[in-house]
Amino acid sequence: MASDRSSSQRQSEESLRAHALYRGKIQSLPKCPIRGLEDFALWYTPGVAAPCLAIHDDPARVYDYTNKGNSVAIVSNGTRVLGLGDIGPEAGLPVMEGKALLFKYLGGIDAVPLCVGTRDPTAMVETVAALEPSFGGINLEDIAQPGCFSILDRLRPRLNIPVWHDDQQGSATVALAGLLNALDVVGKRLVDIKLAMIGMGAANVATYRLLKASGIATEAIVACDSKGTLHLGRSDIEAARDFYAEKWQVCEETNREKVVGGIAEALRGADACIAFSRPGPGTIEAEWIKAMAPDAIVFACANPVPEIWPQDAKAAGARIAATGRSDFPNQVNNSLGFPGIFRGALDVRARTISDEMAFAAARELAAAAQVNLGEESILPRMTDWQVPARIAVAVGMQAQEQGLARLNLDHGALYDTALAKIKAARDATQALMRNGLIPPGP
């Protein structure tokens, strides 16, 4: 465990040096040729008037003449950043830039980090709604609950482009895919298990919703927040049920055995644990893992430090341990989902990202790991660069099936389009590195 702490310290120091060297992680570069001064007359005035007028006559042509169809806004107010909490919009900007980097390199998508200086949900809604003309999709990020729920719920029906809260929907999609494969490895079924959910913030509330729709027995779930297990006796949540509507619903629908206490009690006898809670180590104790059912599954997904180190969970009896980090096996992280999900939504010009589209993404993500499925490989890794293209196809086909797409493309066209855009982004990055335009790291 000491080596894990020292490794994390080294990573932090290296990250500070690298961020200072590059002063951020993304930049804007032309995507059109500039052969001479005459090209500016084509791309800017006077030539640019022609596409402007065409769009004025038919607003849908904005997708033909601009980059709107490949652009996503990453919007945050910095009130719930990773495991760091309420650190504000400026301090949250490195995370949003990192998100934009993943969008581009893994999904071929141009994403713009927008950290806004408001905590008011209504102001957030109005700000995001005003961005719709410029973007093909909106990714909400690192917004504290319960505001994150109301902001998403108000924006989705209002905007005619996809609005997605990755901390909710993205985390839930990847967690569902990972759990399905982990259960396959240990020989258990989703409908039969007892599940502990540790932490009931945005990620686990959304995970609960997807698990419920997937057929899990909700009465066999024991959820736990910072004040203890959720049940009908939680008068603090009931008193604020309008404010915490989602958590009160969990109180009503889960915990058939009326388990009271904290994390230790929630884990006792559980087949699986999905934790999106307070960074550890020590949030989950090894002794509590020992009290879980045989062949236990532990997802300790807090960042930057998991609730329990995976090797400690396995030493305590867990058969499968997963974290949100890329430096351990079994990364359960939304980075495995959102690049492909948005790629598919953008390529068919979807009006929204439905729960069914998220299910399709989860199923395809799980299927992509089947060829190497094992105790330390329940999901693909971020280096499996064709996986986002597979997810894009699943999402795009589902959007068309539901009548949510403006474009109709067959399976092959969707895959070829996605793969070409992802490959172009990766090749461009490598070319900049080879030519010294991105200097070597520290």
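Can you tell me which residue is surrounded by the most Cβ atoms within 10 Å (Cβ to Cβ) among those in the range 33-90 that are in contact with a Gly (Cβ under 9 Å, 6 or more places away or on another chain) and among the basic types (Lys, Arg)?
This residue is ARG80.
Yes or no: the range 131-138 includes at least one residue that is closer than 22 Å to GLN27 by Cα, crowded, with 19+ Cβ neighbours inside 10 Å and under 15 Å from the mean Cα position of the chain (by Cα).
yes
Kindly establish whether VAL205 is touching a Lys or Arg at 6+ places or on another chain (Cβ under 9 Å) and not in a helix (DSSP H, G or I).
Details: touching a Lys or Arg at 6+ places or on another chain (Cβ under 9 Å): yes; not in a helix (DSSP H, G or I): no.
No.
Looking at the range 77-102, which of the residues that are in a loop (DSSP other than H, G, I, E, B) and not aliphatic (A, V, I, L, M) is nearest to PRO281 (Cα to Cα)? Working first, answer last.
As a first pass, look at the range 77-102 and keep what is in a loop (DSSP other than H, G, I, E, B): 77-80, 82-84, 86-87.
Add one more test, that the residue is not aliphatic (A, V, I, L, M), and what stays is 77-80, 83, 86.
On the way: ASN77: 27, GLY78: 24, THR79: 23, ARG80: 19, GLY83: 12, ASP86: 20 Å.
The selected residue is GLY83.
Among the residues of the range 50-76, count how many are in a helix (DSSP H, G or I), touching a strand residue (DSSP E or B) at 6+ places or on another chain (Cβ under 6 Å) and over 14 Å from ILE109 (Cβ atoms).
The number of residues fulfilling the criteria is 0.
Residues being surrounded by fewer than 20 Cβ atoms within 10 Å (Cβ to Cβ) and in contact with a strand residue (DSSP E or B) (Cβ under 6 Å, 6 or more places away or on another chain): count how many of those fall in the range 248-258. Outline the logic, then answer.
Keep residues of the range 248-258 that are surrounded by fewer than 20 Cβ atoms within 10 Å (Cβ to Cβ), which gives 248-249, 252-253, 256-258.
Keeping just the survivors that are in contact with a strand residue (DSSP E or B) (Cβ under 6 Å, 6 or more places away or on another chain) gives none.
Result for the range 248-258: 0.
Do we have ASP167 as outside any helix (DSSP H, G or I) and touching a helix residue (DSSP H, G or I) at 6+ places or on another chain (Cβ under 9 Å) here? Even if it seems obvious, please write down each step before you answer.
Working: outside any helix (DSSP H, G or I): no; touching a helix residue (DSSP H, G or I) at 6+ places or on another chain (Cβ under 9 Å): yes.
The answer is no for ASP167.
From the list ILE143, ILE161, which residue is touching a residue at least 24 places away in the same chain (Cβ under 8 Å), part of a loop (DSSP other than H, G, I, E, B) and closer than 19 Å to ARG343 by Cβ?
Details: ILE143 fails: closer than 19 Å to ARG343 by Cβ.
None of the other options fit; the residue is ILE161.
Kindly indicate which of ALA245, ALA315, ALA264, ALA291 is surrounded by fewer than 17 Cβ atoms within 10 Å (Cβ to Cβ), in contact with a Leu (Cβ under 7 Å, 6 or more places away or on another chain) and of a type outside the set (Val, Ile, Thr). Walk me through how you get there before you give the answer.
Details: ALA245 fails: in contact with a Leu (Cβ under 7 Å, 6 or more places away or on another chain); ALA315 fails: in contact with a Leu (Cβ under 7 Å, 6 or more places away or on another chain); ALA264 fails: in contact with a Leu (Cβ under 7 Å, 6 or more places away or on another chain).
Among ALA245, ALA315, ALA264, ALA291, only ALA291 is surrounded by fewer than 17 Cβ atoms within 10 Å (Cβ to Cβ), in contact with a Leu (Cβ under 7 Å, 6 or more places away or on another chain) and of a type outside the set (Val, Ile, Thr).
List every residue pair whose Cβ atoms sit under 9 Å apart, with the two residues 6 or more apart in sequence or on different chains, where the first one lies in the range 77-106 and is touching a residue at least 12 places away in the same chain (Cβ under 8 Å) and the second, anywhere, is aromatic (Phe, Trp, Tyr).
LYS99/PHE338; LEU102/PHE338; PHE103/PHE338; PHE103/PHE342; TYR105/TRP385; LEU106/PHE338; LEU106/TRP385
Step by step: first the residues of the range 406-442, then only those that are among the β-branched types (Val, Ile, Thr) and under 19 Å from ALA394 (Cβ atoms), then the one that is surrounded by the fewest Cβ atoms within 10 Å (Cβ to Cβ). Which residue is that?
Let us first name the residues in the range 406-442 that are among the β-branched types (Val, Ile, Thr), namely 417, 422, 429, 438.
If we keep only those that are under 19 Å from ALA394 (Cβ atoms) too, we end up with 417, 422.
Numbers: THR417: 21, ILE422: 25.
Per the criteria, the residue is THR417.
Identify, by number, the condition in (1) in contact with a Leu (Cβ under 7 Å, 6 or more places away or on another chain); (2) more than 15 Å from SER277 (Cα to Cα) that THR218 doesn't meet.
(1)
Would it be correct to say that ILE26 is closer than 28 Å to TRP385 by Cα and assigned by TED's automatic domain parsing to the domain that holds ASP142? Write out each step before concluding.
Details: closer than 28 Å to TRP385 by Cα: yes; assigned by TED's automatic domain parsing to the domain that holds ASP142: yes.
Criteria met by ILE26.
Going through the range 333-368 one residue at a time, which ones are under 30 Å from PRO281 (Cα atoms) and crowded, with 24+ Cβ neighbours inside 10 Å?
ASN334, LEU336, GLY337, PHE338, PRO339, ALA362, LEU365
What helices (runs of 4 or more DSSP H) lie completely within the range 277-365 and have 1 or more residues being closer than 24 Å to VAL393 by Cβ?
Details: elements: 286-290, 310-315, 338-347.
It comes to 338-347.
The values are calculated or read from the model by the stated rules, or taken from the named source; none is laboratory data. Bear in mind that the values here come from a model prediction, so they are computed numbers and not experimental data. Because the Cβ atoms are built from the backbone with ideal geometry, glycine has one as well, and the counts that use them run over all protein chains shown.
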